[in-house]
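Here the structure comes first, spelled out in structure tokens, and everything after it is commentary.
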């Protein structure tokens, strides 16, 4: 129980812990991890009043936790604590959430060292970067790291900052590391985490209560972890069985409880994923409890990665089997498959001479097959099991051994696979056309995406069938998501019956369905938990999900094989409307979220080294360019981000960036081209938003292979921008909503972006269903969504012909965006967001988009392109801009456009130099003229031969806009950065002169308005923002929000009304003007 300490009698200022005397080195205790030492705070100082000590805290040996008052957002613990010799890192156990941060102040007698959690000394780090290397329930270990061991360090203080201050802070002990390595340079990295299923929600699977990283140290299981997974302290014996990702046994240990008081050290293994089955027995050998841990070796440079593991001697395995193949099929469909079970090891450790083996078989969806009991004896411990093999896929064989009194003495589960080599004959239908309804929305119904055996019992089968019918009745195409884990539970053993279950809906209705094979997070097969996507601190991108790196060879081969097996089987099947092809192992590809940056896995490092060897050929050339001293290409490490810079400018980082850009493009082309070689006819769609790098760089791949582009977050500005970039390149696009359980507002906003991008081919929407563990019947919200989608589907072919009435485009510097954000996802610059907002809500004349990786043909679709502060451009991008202008385009650039080349922080002003500028004098001035504002004003000195025309100057006769003819076109160059939000009038005039005047004059507050057209008609698209700017407003929120007044003028005199294409009455026109009140969040589409 917590005990109260003596009251603090001195003045309580900002000091919460006050040192009485220096601490001796022998007052530090050895942690459970060798080479790490802990200091018990409760024994060190006099604490303030109301402070308590909890002696039951056991996460570290010989330590208690303390609870101290914390009334403010910042609490400083003053210590003046000498650290052990050769200290390389310092940490604090704290009971707090992720929003709480810890920093350390140290001194070596010469200088003060300030370190944030997660920081390496002298290393620049991103804000919000966490140093949580260990998490156990509500406790976490926050660490910071030193460059080298130091014998004279003193920890002066620890500062804890809370976003939401609590009244008390719970602190564990202080920890130091004297061997091992920091996370950024460790040559051996391991991770332990719990394995809990069913999971409480869809966002966590493993690592719900515990995960821990080790860097350059031995792997040790803490005693508290063993207690947690066994739900009790060990009693008589504990068995720990180590297996690989195919369940093949490597080693087994038997331990007495006392021997685990200091934890248990695990062997060093090659890079890979392993499992620890932990069982608790009493003195009679009865099984009392079981648990499971995941042991990942993320990196080990000292062990050959493909080194074959020594398999356990059968005599030491708890049970062994003949006829069982762990990493492939144990038989074929219809074969007599028999597995021989040897139980000799069980008899060796119990007194009973008789055992009964209860065994049952289920498939991996939880469907029960049969149950049997076999009698075993010490003289006859072997039994042959004839197991089901009626269909292909995976089967779980569950075995339980009981003694004559019914006491359970052991259990064991294996998953065996059955392959189907038979030739599949697709059903035929004479009137079928597998490319019909190709402009319709697709409903994404996530039927099975998490590892929960009870999900099928909860699944509303009847309502799912009803939902499919309702989807068809709404004019939509249902797309059913199939988790790869369910599709291929054993390598090469495909569960075709699940696919047939989905395709059965097509046969029931006579209409095709779409299917997608997903492997986001926990949807990936367990046997592929091997090659992890890693961040710059050599931790996995997500503690609980398995984000496999796409650079892993094992993953890549398995992905190719699985998708090609599916397409070869169903390429001529009319029931398949299309295939949603996921390219990446998570929601994205090289998925990361700042400050986490990927990919720092061993697989990525090896590919990066090969890329550099191909680029530089000789290590001497690389060292000269990088200013490094690497001895060979295979010693090169991936560079760390420099967070002190606004944008990454180093050549090593630029090489890393372009390595990823090239890899993604090549990999997608590999996937798509092989798919199209098998199936040239079906609609194929590939997600390509997060973690895929510059959008324009992928356009040629999608177009060549006739793949549709799909993105997530379809309600957002960046989803529209990326969709527009793809449409500009001639690629069909289907925006995909972000929300798993969308409300009406999400669906309308996603559809609006899909239509606005032009050439509408549909939009994707998720229904949630089992994914969020809720059975969604047709509640009013979904009835409204269904009505909306039905209206869209009815006119989808007409929408496919729509384009913006006045075509012009914004120019996005994608490389700059990524180099500034470090992450490989497109975040969108402030200038981009501003131009999109001004174009849609102020000018009501939306722009399309291209980026600095778009091809010349994409730019040439637009008579006017406006740059959005592209200071960093490659020479190739600049050449495309100049070619676009020479062919007749107008490009609005600034004096800063192309000022820098990727890989250098020196201004080259490549574009301006090519145009005839000989000198640029930059300032911080903001200059304003009528309808125009320029920031960072620059004075340009031109070569006499350039002779640009000054198109606009201010009252002091300072040139603000230059016009420079080039070929058939011209450049409009602003003498500084165009302040877009303050230059609406000038932008509207320029768009009107070059692309065309807006056919209508629209007045509306915070409303996206766009005039679009086809060969026959014109259209007006309207959607107003919700008052709280929500992108997922409910139907009730939409209908109850204040209406927005919209006035539209400029119609032809003879026009009397506009046809309402979606819902409601037609819009009347009087005196060439229409007035309408619209609901925020609702999409309106009128035609005339």
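Per-structure values
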read-out	value
Number of positions in segment 338-355 that are buried (at least 17 other Cβ atoms within 10 Å of the Cβ) and free of Cβ contacts under 8 Å to residues at least 40 places away in the same chain	2
Conditions (1) loosely packed, with under 15 Cβ neighbours inside 10 Å; (2) in contact (Cβ under 8 Å) with a residue 60 or more places away in the chain; (3) in a strand (DSSP E or B): number failed by residue 971	(1)
Only one of 677, 751, 697 that is buried (at least 24 other Cβ atoms within 10 Å of the Cβ) and either assigned to a helix (DSSP H, G or I) or under 24 Å from the mean Cα position of the chain (by Cα) (or both)	751
Single residue of 1060, 1071, 1075 found to be surrounded by 15 or more Cβ atoms within 10 Å (Cβ to Cβ) and either in the same structural domain as residue 1014 (by TED's automatic domain parsing) or modelled with pLDDT under 95 (or both)	1060
Of all residues making up segment 219-242, the number that are crowded, with 20+ Cβ neighbours inside 10 Å and under 32 Å from the mean Cα position of the chain (by Cα)	8
Any chance residue 956 is in contact with a strand residue (DSSP E or B) (Cβ under 8 Å, 6 or more places away or on another chain), surrounded by fewer than 17 Cβ atoms within 10 Å (Cβ to Cβ) and either without any contact (Cβ under 8 Å) to a residue 24 or more places away in the chain or assigned to a strand (DSSP E or B) (or both)	no
Selected residue (only one of 118, 149 is assigned to a strand (DSSP E or B), modelled with pLDDT under 95 and within 23 Å of residue 217 (Cα to Cα))	149
Qualifying helices (runs of 4 or more DSSP H) (wholly inside segment 535-642; at least 2 residues being in the same structural domain as residue 662 (by TED's automatic domain parsing) and touching a strand residue (DSSP E or B) at 6+ places or on another chain (Cβ under 7 Å))	553-570
Criterion (free of Cβ contacts under 8 Å to residues at least 40 places away in the same chain and either in contact with a helix residue (DSSP H, G or I) (Cβ under 6 Å, 6 or more places away or on another chain) or farther than 23 Å from residue 688 by Cβ (or both)) met by exactly one of 621, 557, 615	621
Any chance residue 321 is within 28 Å of residue 353 (Cβ to Cβ) and either at pLDDT 90 or above or part of a strand (DSSP E or B) (or both)	yes
Complete set of residues in segment 229-253 that are in contact (Cβ under 8 Å) with a residue 60 or more places away in the chain and at negative phi	229, 230, 239, 241, 244, 245, 246, 248, 249, 250, 251, 252
Residue tally, condition exposed (fewer than 15 other Cβ atoms within 10 Å of the Cβ) and part of a strand (DSSP E or B), over segment 357-397	11
Selection count, segment 1013-1035, where residues are over 24 Å from residue 1070 (Cα atoms) and either touching a residue at least 12 places away in the same chain (Cβ under 8 Å) or assigned by TED's automatic domain parsing to the domain that holds residue 714 (or both)	11
Residue check, residue 945 over 30 Å from residue 1023 (Cα atoms), out of contact with any helix residue (DSSP H, G or I) (no Cβ under 6 Å at 6 or more places or on another chain) and free of Cβ contacts under 8 Å to residues at least 12 places away in the same chain	no
Test: residue in segment 992-1006 that is at positive phi, under 42 Å from the mean Cα position of the chain (by Cα) and surrounded by fewer than 20 Cβ atoms within 10 Å (Cβ to Cβ)	yes
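Here's the yes/no breakdown for (1) surrounded by 21 or more Cβ atoms within 10 Å (Cβ to Cβ); (2) touching a helix residue (DSSP H, G or I) at 6+ places or on another chain (Cβ under 7 Å); (3) within 30 Å of residue 1019 (Cβ to Cβ):
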position	(1), (2), (3)
817	yes, no, no
825	yes, no, no
831	yes, yes, yes
835	yes, yes, yes
842	no, yes, yes
846	yes, yes, yes
852	yes, yes, no
855	no, yes, yes
859	yes, yes, yes
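Yes or no, residue by residue, for (1) over 21 Å from residue 323 (Cα atoms); (2) within 45 Å of the chain's Cα centre (by Cα):
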site	(1), (2)
368	yes, yes
376	no, no
407	yes, no
411	no, yes
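Residues checked against (1) in the same structural domain as residue 525 (by TED's automatic domain parsing); (2) in contact with a helix residue (DSSP H, G or I) (Cβ under 7 Å, 6 or more places away or on another chain); (3) assigned to a strand (DSSP E or B):
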residue: 229; (1), (2), (3): no, no, no
residue: 232; (1), (2), (3): no, no, no
residue: 254; (1), (2), (3): no, no, yes
residue: 265; (1), (2), (3): no, no, yes
residue: 278; (1), (2), (3): no, yes, yes
residue: 295; (1), (2), (3): no, no, yes
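The values are calculated or read from the model by the stated rules, or taken from the named source; none is laboratory data. Keep in mind it's a predicted model, so treat the numbers as computed, not measured. Using ideal geometry, Cβ is built from the backbone for each residue, glycine included, and neighbour counts are taken over all protein chains shown.
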